[in-house]
Amino acid sequence: MDRGSFKVLGTDYDDLFEGFVGHLSTKACGKVFEEANMMPSLLILEMHPKTFLWPKSFQDCEPSDDHIGLYFFPGDPINEKAFDGLVLEMMDDDLAMRVASTNADLLIFTSSVLPKSLRRFRGKYYLWGVFRAKTNDGPKSICSSPSPSDSSQDYYFPDSSQDY
């Protein structure tokens, strides 16, 4: 992913959020890279309560930069105010977004849920995403090793030690 736009469904925002920049995490595994490269430049996102999309594995262990597949930032000063407004609304109303991709759903959260040292970039909150794999048998983990607290392994993270 590179430059693109968000169209957010399920909010007061009926406008297009243009000029965001998506950055692949340097810790991303190959499948995160492949999935991100298949994403269109216009993401049609669904807004949901964060609890609806929050990965089970984050209930016992808070997310960190090891879990981030993609980072999202405003691409230029013209679009920064709208982007910041979206992030603040998501924080205030405890919301998250989801978009379907080819083999996974991309779940997008605000940086306010990350450890304090990771919450801001250049003094601002931002958005980050993690992929949830699609399977016929339900969600499946792709890039994370099994954890005892999340036997369903329904999310995958950018763990470069795994192939998929």
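Using the structure shown, decide if Leu88 is surrounded by 20 or more Cβ atoms within 10 Å (Cβ to Cβ) and either at pLDDT 50 or above or among the aromatic types (Phe, Trp, Tyr) (or both). The answer is no for Leu88. Please work out if Asp150 is closer than 17 Å to Glu62 by Cα and at pLDDT below 90. Yes, satisfied.
Within the bounds of the range 45-56, is there any residue that is within 13 Å of Phe131 (Cβ to Cβ), at pLDDT 90 or above and out of contact with any Pro (no Cβ under 8 Å at 6 or more places or on another chain)? Yes - at least one qualifying residue is present in the range 45-56. If Asp94 meets every condition in (1) touching a strand residue (DSSP E or B) at 6+ places or on another chain (Cβ under 6 Å); (2) modelled with pLDDT of 95 or more apart from one, which number is that one? Only one criterion is unmet by Asp94, namely (1).
Restricting attention to the range 105-135 and to residues that are modelled with pLDDT under 90 and of a type outside the set (D, E, K, R), the residue that is farthest from Leu24 (Cα to Cα) turns out to be Thr135.
The values are calculated or read from the model by the stated rules, or taken from the named source; none is laboratory data. Everything numeric in this text was worked out from a predicted model, so none of it was measured. Backbone-built Cβ (ideal geometry, glycine too); neighbour counts: all protein chains shown.
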